[in-house]
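Read-outs throughout are calculated quantities, based only on the coordinates presented, and are distinct from any laboratory measurement. Everything numeric here is computed off the predicted structure, so don't read it as measured data. Backbone-built Cβ (ideal geometry, glycine too); neighbour counts: all protein chains shown.
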Amino acid sequence: MEISLAHYLALAAILFGIGMFGVLTRRNAVGILMSIELMFNAVNINLVAFNRFVTPADFTGQIFSIFVIVVAAAEATVGLAIVLLIYRNFRDIFVDNINLMKW
Amino acid sequence: MREFSWIIPLLPLLSFLVILLFTRENRKLSSAISIGAITIGFIYAIGLLIRQLGDNSEFEMRFAWAVFPTMSLEVGILIDSLTTMMLVVVTTVSMLVQIYSLGYMHGDPRFSRYFAYLSLFTFSMLGLVLANNFFLVFIFWELVGLTSYLLIGFWFEKKSASDAGKKAFITTRIGDMGFIVGILLLSIYAGTLNYKEVFAQAAGGVIPTAALSLAGVFIFCGAVGKSAQFPLHVWLPDAMEGPTPVSALIHAATMVAAGVYLVARSMAIYANAPTAGMVVATIGIITAVLAASIALVQNDIKRILAYSTVSQLGYMIMALGLGSFTAGTLHLLTHAFFKALLFLCAGSVIHAVHTQDIQFMGGLRGKMKITFWAMFIASLSIAGIPPLSGFWSKDEIVTSTMGHPVFMVLTLLVAFMTAFYMFRLIFLTFFGTPRDQHAYDHAHESPRTMTMPLQILMVLSICAGWVAIPWLKEGYSMFVYFHEPEAAQPHYLIMLVSSVVALSGIGLAYLVYYKRSISADALATKFKPLYTTLYNKWYFDEIYDRVLIKPVLALTSGLWTFDNGVIDWVVNFFGKFTVWVSDVKQWFDVHIVDGAVNGLGYTVWSFGALIRQVQTGRVQLYGFFIVFGIVVMLLIKVV
């Protein structure tokens, strides 16, 4: 059986759903960041898959996903730095407990 | 100089204010200010008189005070011969009485206030004399009434004094009511209150005679009250509760003469309304006879003089009512001096023996030489013995009754009684043996400040009437007159008769009270009903008490009961009803209105509490909602 665009899209959808589930349910800030990475990667799969099956002559999708990976890395750096600072201040990284700005 | 005559009343007013506000603590300064003010007024008045004697023209200053569409109220002064004559009389007597008061009121705790009141009185009286219209004269009329009240009740610790003050005030108020009605009548018919304008209309026949008569009678009511004429004479004898100098100044020489002055001033009304003039003359002669008869039997030295005053005022009023302007005003002039002198002498006697009852005096002649001679001269003057001043004015009055036989007989009767009661007073006080040895031993002549005014007034009591000696070419009647000056004619018969009448009155008093050849007690027993009636002053006070005061008090107490029982009950009922209604409203407010407002708030609050559950602040939950929403929308789209 040949692997078609639909397979890639299904994989990406499943991966995105797992990531989203993680974002919505994890209490641990690091876990949330990891789940966000999953969602980025699901998007990357989509971008590459569409590039391969829709416009094989160009490399726009692949270049775009490389940008996403770079930006995601930067984002992860900033995010982890924030988490680290939160941990130092609160001795805790459970997002429920970090409610300093809540009314 | 006539433009500045308003300064004469103004100075005493200033003196009153200064004493009241600043110098009350300093007795010497207060009295000096008061006497200084009146002395300047006196000098100015003399100047005015000299000016007026040279040029007997009228002078008027008037300013509109309150202007109404139909009429304007004015202030102003009118100076003519009558005004200047009155100014001189008032300032002279005021000045002398104030000097006399220095001695008489010496040691009184309210010495300064006394002088302040005297100043206020002088201001009011001079204003009354100078006023140029009925409205202004009414204001001053009431002011003199007020000061009279204040000074009668000056020793208000004594209940009789404060009662006398109230009696004087209320009784004169009855007359003033008539006065104001008269003024209103004039304002309706004449449209102005200015003397000259009103009198011009009265003389020109513009005002209907009936209205003029009515207005004249009503204005005379004011004079009846102020000049203590029958039937409102009852207050003046009681007014003797005040300090004696006050009696001399206010209740003998000046204020009570205000009524006479008013009638004289309004002569044009009475001359053109003969009925009103006749009413005036009748009231005058009734008063004169009545008061003189009461004075025959009284024992209080000041009351005798008070009834004498009432009687003499009756004389003046009668003369004016009969149309003799000159006689009435001349008697006002001479009476002011000799009656002030009599009162000041009485004050001197009271000062010496500390009693007012002539039954406890006697033999004071040797101890009080100046007082005796002054009082003797004044009595001769009032009795009408030539050539003292009283003779000439009384002569004029008797002359004025020519053509009215009843009036003439009664006038001579009063003259006889006057001579009798005055010399009864003289004989009982100064002659015979002392009836109260203790009082006699303490008696002494009064200090210089008191005897000096007596001596000056003595001279005036002798000479003041000489201005009207009928043989003079330029006598009093050529200066003070109504319409046309008329040289006085000597009536030898009248002179003779009135002298004989006066002398016989004195002679009878001499027989009864000096020689004692006729027993006074025997006379009193023989004419007991008459004596008792006279002694009780014709029962006027009792009659007024029974006929007027008691019913009025009964009526008021009845009205009070009605007020208390019915009106108060209704008012209280409405009060209670309102409270009950308010209670109901309060319940409604608290439970219904407040309940609605609070219920709405509570509903919103509890709904909010329910909705608030969603707002957890957990971003993840919000994210879940978003995703859930997207999923639902996608499902809807797909299905």
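Of the residues A:Arg91, A:Arg52, A:Arg26, the one that moves most in a GNM of chain A with alpha-carbon contacts below 10 Å is A:Arg91. Look at the dipole of segment B:480-639 built from charges on Cβ: of B:Met633, B:Val597, B:Val512, the Cα furthest out on the positive end belongs to B:Met633. The simple Förster model, with R0 at 25 Å and r as the Cβ-Cβ distance, assigns B:Thr70 and B:Ala203 a FRET efficiency of 0.65.
Distance between the pseudo-spin-label points of B:Gln437 and B:Ser582 (7 Å out from Cα toward the beta carbon): 7.8 nm. For the peptides B:49-57, B:106-114, B:354-362, the ranking by mean Cβ contacts within 10 Å, running from highest to lowest, is B:354-362, B:106-114, B:49-57. For the set B:Lys159/B:Lys528; B:Lys166/B:Lys226; B:Lys167/B:Lys537, the pairs lying more than 23 angstrom apart at their alpha carbons are B:Lys159/B:Lys528.
Share of Cα-Cα pairs in segment B:175-328 beyond 18 Å, in percent? Distances greater than 18 Å cover 54 percent of the Cα pairs.
Residues in segment B:2-8 carry Karplus couplings, in order, of 6, 5, 9, 5, 4, 5, 4 Hz; the curve used is 6.51 cos²θ - 1.76 cosθ + 1.60 with θ = phi - 60°, and Gly or Pro positions show x. Ranked by the mean number of other Cβ atoms within 10 Å of their residues, highest first, the peptides B:405-417, B:619-631, B:492-504 come out as B:405-417, B:492-504, B:619-631.
Length gained on full extension, B:Ser57 to B:Val571, computed as 0.36 nm times the residue gap minus the Cα-Cα distance: 178.6 nm.
Ranking B:Gln359, B:Ser187, B:Gly47 by Cα position along the charge dipole of chain B, where only Lys, Arg, Asp and Glu carry charges on their C-beta atoms, puts B:Gln359 farthest toward the positive end. Judged by the mean number of other Cβ atoms found within 10 Å, the most tightly packed of the peptides B:474-484, B:587-597, B:35-45 leads the ranking B:35-45, B:474-484, B:587-597.
The mean count of C-beta atoms from other chains within 10 Å of the C-beta of residues in A:89-96, rounded to a whole number, is 1.
Taking all C-alpha pairs of the protein assembly as shown, those more than 51 Å from each other amount to 40 percent. Each label point is 7 Å from the Cα along the Cα-to-Cβ direction; what then is the distance between the points at B:His354 and B:Lys158, in nm? With each label point 7 Å from Cα toward Cβ, the separation is 1.4 nm. Each of A:Val43, A:Phe59, A:Ile18 was scored by the projection of its Cα onto the charge dipole of segment A:12-103, and the greatest displacement toward the positive side belongs to A:Ile18; charges sit on the C-beta of Lys, Arg, Asp and Glu.
Ignore the peptide's own chain and count Cβ atoms of other chains within 10 Å of each Cβ in B:415-427; give me the average, rounded.
0
Bridging of B:Lys585 to aspartates and glutamates at a Cα separation below 14 Å is possible for B:Asp594, once same-chain residues fewer than 8 apart are set aside. In terms of its alpha-carbon gyration tensor, segment B:249-288 comes out oblate; a/c meets the 1.5 threshold, while b/c is at least as large as a/b. Working note: 222 nm ellipticity from helices only, DSSP H runs with n ≥ 4, each -39,500 (n - 2.57), summed and divided by the residues of chain A, gives -26500 deg cm²/dmol to the nearest 500. Three principal axis extents of segment A:58-103 based on alpha-carbon atoms, in descending order, are 50, 22, 13 Å.
Per-residue shielding of B:611-618, expressed as the average number of other chain Cβ atoms within 10 Å of the residue Cβ, stands at 2. Couplings for segment B:315-332, taken from phi via the Karplus curve 6.51 cos²θ - 1.76 cosθ + 1.60 with θ = phi - 60°, read 3, 4, 4, 4, 4, 5, x, 7, x, 9, 4, 5, 4, x, 6, 5, 5, 4 Hz in order; Gly and Pro are left as x.
Three principal axis extents describe the C-alpha atoms of chain B; from largest down they are 151, 62, 50 Å. Computed from phi, the 3J(HN,Hα) profile of segment B:266-280 under the Karplus parametrisation 6.51, -1.76, 1.60 (θ = phi - 60°) reads 8, 3, 4, 5, 6, 5, 9, 10, x, 4, 4, x, 5, 4, 4 Hz, with x in place of Gly and Pro.
Per residue, what volume in Å³ does the Cα convex hull of segment A:15-103 take up?
93
Taking the helices alone, chain B has a mean residue ellipticity at 222 nm of -23000 deg cm²/dmol, built from -39,500 (n - 2.57) per DSSP H run of at least 4 residues and averaged over all its residues. Put a dot 7 Å past the Cα of B:Thr556, heading toward its Cβ, do the same for B:Glu25, and the two dots end up 4.1 nm apart.
Restricting the calculation to Cα atoms, segment B:1-140 yields a radius of gyration followed by a Dmax of 16.2, 55 Å.
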